[in-house]
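Engineer: Before I ask anything, here is the structure I am working with.
The values are calculated or read from the model by the stated rules, or taken from the named source; none is laboratory data. Nothing here was measured: the structure is a model prediction, and the numbers come from that model. Ideal geometry is used to build each Cβ from the backbone, glycine not excepted, and the neighbour counts take in all protein chains shown. Remember, those area values only see protein heavy atoms, side chains included, never the ligands or the DNA or RNA. Shrake-Rupley method; radii C 1.70, N 1.55, O 1.52, S 1.80 Å.
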Amino acid sequence: MLQAKSEWQVMNPNAELVQQFVDKLKIPELIAALLINRGIVNLNEAKQFLNVHKQNFHDPFQFSQMATAVERIKNAIAKGERIAIFGDYDADGVTSTAILLRTFQLLTAMPSAVNLPEDASGKALIEPMGSASTISYYIPNRFSEGYGPNISAIEKLHHQGVTLLITVDTGVAAIEEMNKAATLGMDVVITDHHQMGAELPNAYSILHPKLDDNYPYQELCGAGVALKLSHALLGEALPDCVTLAAIGTIADLVELHGENRLIVTKGLECMKTSQLPAIQALAQIAGIPLDTINEETIAFGFAPRLNAAGRLGSADKAVELLMSDSLEKAVEIATDLDAINRQRQELVLTITEEAIAMVEETFPISQWPIIVIGKSGWNSGVVGIVASKLVERYAHPAIVISLDEAKNEAKGSARSVEGYNLYQQLLEQEKLLSRFGGHPMAAGLSLRMENLDAFREAINHEAKINVDPAIFVSKIAIDCKVKLADITVKTIQLLDRLAPFGRGNPRPRILVEKVEMLSSKKVGADFNHFKAQLTDDTGVIDLIGFGQGHIVEQISQSDQLSIVGGISINEWNNKLIPQMTLQDISCNHVQIFDWRSLPLTEFNLNLIPIERRIVVFNEESIQQLPPSIHSEVEVYRGTFSTGKIAENLCLVDFPNSKQLIQEMFAQAKYSRYYLFLKKRKDELFVNPPTRDQFKWMYAFLTQNHSFNAQAHAENLAKRNLWKKDSISFILKVFFELGFVTIDNGIVNLVKGVAKKDLVESTSYSSQLAKSELENQLLFSSKKDFTNFFRSLMNATES
């Protein structure tokens, strides 16, 4: 058996509502079901979702404090005040920073500004208001300053003459820092989307989608809020700014519905024809043709490179890229970011391996449901990625911390699972933390090292008492069950109407049941991917499992599988081919692995999971096995030598009888059977002579009455082109049936003996059974072999 990694939850949308959508919206039933599965339950919402291109952005002045912020900013520009944009070091933060920098380029006619929008007569729609020299930006260093505004940075900006500070993607939790800014005479406009505390900072204006009920959409990311401020300042949402906001929205993993969905949709459209050097350079370095850009290429191609700068050093390089007006310079910076990203990937791999070992050996999830681990030397810039990988592996919230002994500081990132409000839990432990901020699903935190153990104990104690363990079970929501014949290029193309996909609007996920593999193999440069061809009673489809090459050893061609995954179109030799992408797999019956053709190598034997029982029927067969395996081999002589509990049974050599296997099966049941069934050539059974040979020999004895087998058997065999052993065997069977007497090699026919069937001879029936067993187990096809072996198992259950 092969257990699924996650709990499968097949969704069953209301049939009447599905039909209503089909009738009113003229859409296929599958699309209707998918809309309802995503919480879209009225016709207007469905129309807006399907026709997102026709939607308009909300009026930015619906933010209750937007007018106040715009007036203050325009006054500052007009008076020539120094303005600083204070951003964050992640992709959301740097795109937010770039959005406002580009906005101020237009408002202040900064050098290298994007072209000013013009009306039909060529008149500029936006008039410059001030001097470029008044604008700067500041992004803190993750390692020396940490997340968000800090007093040292505030003081530095004050000394530079900044009188208006605008935060992007940060600031709403910076109570002490904003008080300091006010004391120094600086006005602050905060634009943020992170969790707000009970107390709001002392700011001139706060733009936050959840601050009040005025703004109709509350799930904007930092770049989304920055775009709204840009829109309000410029009178429109410019394509370049929408492009940057789309990258930030995708990178920050916010819900892709409502205005977020509109931002990403319009931003992706703009990107396909973008003249921004940064977009062209990132696409070139990532190997992504501009006309193929979608939400996935942004998430896995653009965002990691923009994030890399701030993870390992200064995020300024990412801002420089986004603000570059030269393609040559942009490619140079993007190349540097690509190298930094590769370095980041290596760090993540190393730390993840160490983190997994720490969880397994010191803080097992059975005792510590909230993973809290830390180590000196771990790079604090990548611990958030490591936390995400731990959540993916264990389905438990994870807090991964970098310890700085010189500063006596533990700084980390946290990632959660649905149903566990991480921010609220950090709030509960606020007294142990130096600072924290974030969302229910992700957060950053720092604390003194001496508080780390107490924090781990407290947050886990709370979880054990008040959290339902069911939320720590990995779950997969499945949109529908289908047959392979239903997965067509046309169907997949229809699903594109639901794009862009992301959090809150995941790619459709399907379940296929009772499918078998026609073929399977490992693919990729490191052979770490899984590729197979599936079939059911309706069709055939290709399956790809990225990073799941190990699946090859866990399934056999005879298995009936259930598979959960996404569907996509693979273009091959100018043909469009539907394809499934593996997400989870299960096999709910006993598995039989036909390994008769594989050698008994240490490598092959170690593919069998360690909860195993390796059995030989003949003790001599142990010598065929690698010495490293000898100590765990059992010789089966009718009973097992130990009471070992095992899930997997490996049969090394060939049994002497079918009954012996059935006796073994009756004693213990296993989930998987690995069958080598090796037999030396000199041990092969000889098929018994044919009935025609028995008839000929009986006629010969009838004619000759007596026969000296000792003297003439060999010649007789040569004359008939038989083996000598055949004549000896026939005479032995005749003797057992009473047809002949044998005295010193002289064979005499006994007259008057009643007819008997050959199977009444013990020798004949035994040899026939051995021959049939050998043919069925050694020489049969994979399908016949599996069916026969399964029939032996079933016989013990009836």
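Engineer: Kindly provide the set of residues from region 585-597 that are touching a Leu at 6+ places or on another chain (Cβ under 9 Å) and either open to solvent by 20 Å² or more (accessible area, probe 1.4 Å) or not polar (S, T, N, Q) (or both), ordered by number.
Structural biologist: Matches in region 585-597: 585, 587, 588, 592, 593, 594, 595, 596.
Engineer: Could you grab the pairs with beta carbons closer than 6 Å, sequence gap of 6+ or different chains, first residue in region 431-449 and of a type in the set (D, E, K, R) and modelled with pLDDT under 90, second one in a strand (DSSP E or B) and open to solvent by less than 40 Å² (accessible area, probe 1.4 Å)?
Structural biologist: As it stands, the answer is 435/446, since those pairs meet every condition given.
Engineer: Suppose we keep only residues that are more than 42 Å from the chain's Cα centre (by Cα) and open to solvent by 60 Å² or more (accessible area, probe 1.4 Å) within region 624-640. Which one would you say is farthest from residue 677 (Cα to Cα)?
Structural biologist: Top of the filtered list is 639.
Engineer: Considering only region 508-575, give the strands (runs of 3 or more DSSP E) lying wholly within it that have at least 3 residues that are open to solvent by less than 20 Å² (accessible area, probe 1.4 Å), touching a residue at least 12 places away in the same chain (Cβ under 8 Å) and not β-branched (Val, Ile, Thr).
Structural biologist: In region 508-575, 529-535, 561-572 are the strands (runs of 3 or more DSSP E) which contain 3 or more residues that are open to solvent by less than 20 Å² (accessible area, probe 1.4 Å), touching a residue at least 12 places away in the same chain (Cβ under 8 Å) and not β-branched (Val, Ile, Thr).
Engineer: Got at least one residue in region 643-662 being touching a residue at least 60 places away in the same chain (Cβ under 8 Å) and closer than 25 Å to residue 2 by Cα?
Structural biologist: Yes.
Engineer: Okay, next question. I need the full set of residues from region 71-80 which are crowded, with 19+ Cβ neighbours inside 10 Å and either in a loop (DSSP other than H, G, I, E, B) or touching a helix residue (DSSP H, G or I) at 6+ places or on another chain (Cβ under 6 Å) (or both), in order please.
Structural biologist: Of everything in region 71-80, just one residue is crowded, with 19+ Cβ neighbours inside 10 Å and either in a loop (DSSP other than H, G, I, E, B) or touching a helix residue (DSSP H, G or I) at 6+ places or on another chain (Cβ under 6 Å) (or both), namely 77.
Engineer: What are the residues in region 750-776 that are part of a loop (DSSP other than H, G, I, E, B) and either within 16 Å of residue 700 (Cβ to Cβ) or in contact with a Leu (Cβ under 7 Å, 6 or more places away or on another chain) (or both), if any? Don't jump to the end; show me each part of the working.
Structural biologist: At the first step, the residues of region 750-776 found to be part of a loop (DSSP other than H, G, I, E, B) are 750-757, 761.
The answer is 750, 751, 756, 761.
Engineer: Now, a different point. Just to be sure before I move on: is residue 546 of a type outside the set (Lys, Arg) and touching a helix residue (DSSP H, G or I) at 6+ places or on another chain (Cβ under 6 Å) in the structure I sent?
Structural biologist: So residue 546 does not fit the description; no.
Engineer: Moving on to the next point. Residue check: is residue 225 of a type in the set (A, V, I, L, M), farther than 26 Å from residue 324 by Cβ and touching a residue at least 12 places away in the same chain (Cβ under 8 Å)?
Structural biologist: Considered against the rule, which asks whether it is of a type in the set (A, V, I, L, M), farther than 26 Å from residue 324 by Cβ and touching a residue at least 12 places away in the same chain (Cβ under 8 Å), residue 225 comes out as no.
Engineer: Quick one: residue 652 ticks every box in (1) more than 30 Å from residue 762 (Cβ to Cβ); (2) open to solvent by less than 80 Å² (accessible area, probe 1.4 Å); (3) out of contact with any Cys (no Cβ under 9 Å at 6 or more places or on another chain) except a single one, so which number is it?
Structural biologist: Failed condition: (1).
Engineer: Mind listing whichever residues of region 277-299 are under 15 Å from residue 338 (Cβ atoms), open to solvent by 30 Å² or more (accessible area, probe 1.4 Å) and more than 26 Å from the chain's Cα centre (by Cα)?
Structural biologist: Correct list: 280, 284.
Engineer: Just to check your reading of the model, which residue among 617, 694, 654, 700 is at pLDDT 85 or above and touching a Pro at 6+ places or on another chain (Cβ under 8 Å)?
Structural biologist: 617
Engineer: Is it the case, given these coordinates, that residue 741 is in contact with a strand residue (DSSP E or B) (Cβ under 8 Å, 6 or more places away or on another chain), of a type in the set (S, T, N, Q) and at pLDDT 90 or above? Break it down into steps so the answer makes sense when it comes.
Structural biologist: Details: in contact with a strand residue (DSSP E or B) (Cβ under 8 Å, 6 or more places away or on another chain): yes; of a type in the set (S, T, N, Q): yes; at pLDDT 90 or above: yes.
Against the criterion (in contact with a strand residue (DSSP E or B) (Cβ under 8 Å, 6 or more places away or on another chain), of a type in the set (S, T, N, Q) and at pLDDT 90 or above), residue 741 qualifies.
Engineer: Aromatic (Phe, Trp, Tyr) and open to solvent by less than 40 Å² (accessible area, probe 1.4 Å): which single residue out of 138, 204, 147 fits that description?
Structural biologist: 138
Engineer: Quick check on region 300-312: of everything there that is free of Cβ contacts under 8 Å to residues at least 60 places away in the same chain and open to solvent by 20 Å² or more (accessible area, probe 1.4 Å), which residue is farthest from the chain's Cα centre (by Cα)?
Structural biologist: Restricting to residues being free of Cβ contacts under 8 Å to residues at least 60 places away in the same chain and open to solvent by 20 Å² or more (accessible area, probe 1.4 Å), the top hit is 305.
Engineer: Can you pull out every residue in region 218-254 that is closer than 15 Å to residue 169 by Cβ and open to solvent by 10 Å² or more (accessible area, probe 1.4 Å)?
Structural biologist: 219, 250, 251, 252, 253, 254
Engineer: Go through region 15-28 residue by residue and tally those that are surrounded by 12 or more Cβ atoms within 10 Å (Cβ to Cβ) and either within 30 Å of the chain's Cα centre (by Cα) or assigned to a helix (DSSP H, G or I) (or both).
Structural biologist: Initial filter on region 15-28 (surrounded by 12 or more Cβ atoms within 10 Å (Cβ to Cβ)): 17-22, 24-25, 27-28.
When the remaining residues are screened for being either within 30 Å of the chain's Cα centre (by Cα) or assigned to a helix (DSSP H, G or I) (or both), the result is 17-22, 24-25, 28.
Qualifying residue count for the region: 9.
Engineer: Counting only residues that are touching a residue at least 60 places away in the same chain (Cβ under 8 Å), out of contact with any Pro (no Cβ under 7 Å at 6 or more places or on another chain) and in a loop (DSSP other than H, G, I, E, B), which one in region 468-505 is most open to solvent (accessible area, probe 1.4 Å)?
Structural biologist: 503
Engineer: Quick one: residue 35 ticks every box in (1) closer than 30 Å to residue 150 by Cβ; (2) among the hydrophobic types (A, V, I, L, M, F, W, C); (3) surrounded by 22 or more Cβ atoms within 10 Å (Cβ to Cβ) except a single one, so which number is it?
Structural biologist: Failing condition for residue 35: (1).
Engineer: I'd like the full set of residues that are open to solvent by less than 20 Å² (accessible area, probe 1.4 Å) and more than 21 Å from residue 51 (Cβ to Cβ), limited to region 255-276. Reasoning before the result, please.
Structural biologist: Of all residues in region 255-276, those open to solvent by less than 20 Å² (accessible area, probe 1.4 Å) come to 256, 259-265, 267-268, 271, 274, 276.
Scanning region 255-276 gives 274, 276.
Engineer: Can you tell me which residue among 107, 100 is at pLDDT below 90, in a helix (DSSP H, G or I) and in contact with a Gly (Cβ under 9 Å, 6 or more places away or on another chain)?
Structural biologist: Sole residue among the options that is at pLDDT below 90, in a helix (DSSP H, G or I) and in contact with a Gly (Cβ under 9 Å, 6 or more places away or on another chain): 107.
Engineer: Any chance you could count how many residues in region 444-457 are part of a helix (DSSP H, G or I) and open to solvent by less than 30 Å² (accessible area, probe 1.4 Å)?
Structural biologist: Going through region 444-457, the residues part of a helix (DSSP H, G or I) turn out to be 449-457.
Those still in the list that are open to solvent by less than 30 Å² (accessible area, probe 1.4 Å) too: 452, 455-456.
Of the residues in that region, 3 qualify.
Engineer: Does residue 53 count as surrounded by fewer than 19 Cβ atoms within 10 Å (Cβ to Cβ), at pLDDT 95 or above and within 38 Å of the chain's Cα centre (by Cα)?
Structural biologist: no
Engineer: Let me ask you something else. Enumerate the strands (runs of 3 or more DSSP E) found wholly within region 673-749, keeping only those where 1 or more residues are touching a residue at least 40 places away in the same chain (Cβ under 8 Å) and open to solvent by 50 Å² or more (accessible area, probe 1.4 Å).
Structural biologist: Fully inside region 673-749 and qualifying: 706-708, 746-749.
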